[in-house]
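Note sheet for the following structure.
The values are calculated or read from the model by the stated rules, or taken from the named source; none is laboratory data. Note that the coordinates shown come from a computational prediction; the quantities given were computed from them, not determined experimentally. Positions of Cβ are generated from backbone atoms using ideal geometry, with glycine treated the same way; all protein chains shown enter the neighbour counts. The protein model used for the area step is the full one, side chains on, heavy atoms only, and it has no ligands, DNA or RNA in it. Shrake-Rupley method; radii C 1.70, N 1.55, O 1.52, S 1.80 Å.
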Amino acid sequence: MPLTTKLTQRLGIQHPIIQGGMHYVGYAPLAAAVSNAGAIGVITALTQPNAEALRSEIQKTRSLLRSPDTPIGVNLTVLPQLNSPDYPAIVQVLLDEKVPMVETAGSPKCAELWELLKAGNPDVCIIHKCTTIRHALKAQAMGCDMISLDGFDCAGHPGETDVGNFLLQPIAARKLSVPYVTSGGV
């Protein structure tokens, strides 16, 4: 029996599962397999060397889907770096390719990218990855559509605190007004 949630309704998927945007793992074969299974597969943007390589990976993913209507997502992390990626070019690729879901993580500068994405595609679903309630509330106030709340037990997502899902999730249920998903260990 399918489980209907705000996530499944918004993205048109069968199962409320988002493949993690794992660096050097989130390539077309995995993303397509996850999406073909009824969840949403995610390509990792910054694993690609540039925006045009990301475009190719998105197109490769779509070529592996059973149906052209099957949704996929792209993970985009925004952190201070010495050699910053060409974020405007990446956003343009996401718009050109009509990616229905973008998962962001990182600094509040993500909100600038959300504005560009929403201006070009008002239907895009922006899910922002957070590791604390404070950051989730800030992302909610800045306008993301959903939150991916990662407890310390999520493995792989560096947070500033060692707060696990068994603590984060009930607090989120009381404090957040946007839908959220739980990431990681149980």
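Order of 168-176, 130-138 by packing, highest average Cβ count within 10 Å first?
Numbers: 168-176: 14.7, 130-138: 19.1.
Averaged packing, sorted descending, gives the order 130-138, 168-176.
Given a 1.4 Å probe and every protein chain left where it sits, what share in percent of the accessible area of the chain is carbon and sulfur? Walk me through the intermediate numbers first.
Details: 5520 of 9520 Å².
Roughly 58 percent of what the probe reaches on the chain is carbon or sulfur.
List the trypsin sites (Lys or Arg not before Pro) within segment 1-78 that DSSP assigns to loop and that have no more than 12 neighbouring Cβ atoms inside 10 Å. Can you show the working numbers first?
Details: sites: 6, 10, 55, 60, 62, 66; in loops: 66.
Qualifying residues, ordered by number: 66.
Between residue 107 and residue 4, what FRET efficiency follows from the Cβ-Cβ distance if R0 is 30 Å, with the result rounded to 0.05?
On the way: r = 34 Å, r/R0 = 1.12.
Efficiency for this residue pair is about 0.35.
At 1.4 Å probe size, with no ligands or nucleic acids counted, give the accessible surface of residue 84 in Å², nearest ten.
70 Å²
Just the Cα atoms of segment 11-52: what Rg and Dmax do they give in Å?
Every Cα atom of segment 11-52 included, Rg and Dmax give 10.6, 32 Å.
Give me the 1.4 Å probe accessible area per residue for the chain, excluding ligands and nucleic acids, in Å². Intermediate results must be reported in sequence, preceding the final value.
Working: 9520 Å² over 186 residues.
Solvent-accessible surface per residue comes out at 51 Å².
For the chain, calculate the relative contact order in percent as a whole number, restricting contacts to Cα pairs under 8 Å that are 6 or more residues apart. Can you show the working numbers first?
Working: 335 pairs, mean separation 26.9, N = 186.
So the answer I get is 14 percent.
Ordering 30, 76, 82 by how much accessible area each has at a 1.4 Å probe, largest first, what is the list? Before the final figure, lay out each step's value.
Working: 30 65, 76 0, 82 175 Å².
These residues rank, largest area first, as 82, 30, 76.
Report the one residue of 44, 59, 182 whose Cα lies farthest in the direction of the positive end of the charge dipole of the chain (charges on C-beta: Lys and Arg +1, Asp and Glu -1; origin at the Cα centre).
Toward the positive end, the furthest listed residue is 182.
Determine the gain in length on full extension of the stretch residue 174-residue 116; use 0.36 nm per residue of separation and subtract their C-alpha separation, reporting nm with one decimal.
Working: separation 58, 0.36 × 58 = 20.88 nm, distance 3.04 nm.
Value of the extension gain: 17.8 nm.
Each label point is 7 Å from the Cα along the Cα-to-Cβ direction; what then is the distance between the points at residue 67 and residue 14, in nm?
Placing both labels 7 Å beyond Cα along the Cβ direction yields 0.9 nm.
Structure shown: which of 109/129; 98/138; 60/98 lie over 24 Å apart, alpha-carbon to alpha-carbon?
Among 109/129; 98/138; 60/98, the Cα-Cα distance tops 24 Å for 98/138.
Once R0 is set to 30 Å, what does the formula 1/(1 + (r/R0)^6) return for the Cβ-Cβ distance between residue 81 and residue 25, expressed as a FRET efficiency to the nearest 0.05? Each step should come with its number before you reach the end.
Values: r = 20 Å, r/R0 = 0.67.
Here the calculated transfer efficiency is 0.90.
In whole Å, largest first, what are the principal axis extents of the Cα atoms in segment 1-152?
Between the extreme Cα coordinates on each principal axis of segment 1-152 lie 38, 34, 31 Å.
Using θ = phi - 60° and the Karplus form 6.51 cos²θ - 1.76 cosθ + 1.60, what ³J(HN,Hα) does each residue of segment 117-132 get, whole Hz, x for Gly and Pro?
Values, residue by residue: 5, 5, 5, x, 8, x, 8, 4, 9, 9, 10, 9, 7, 9, 10, 9 Hz.
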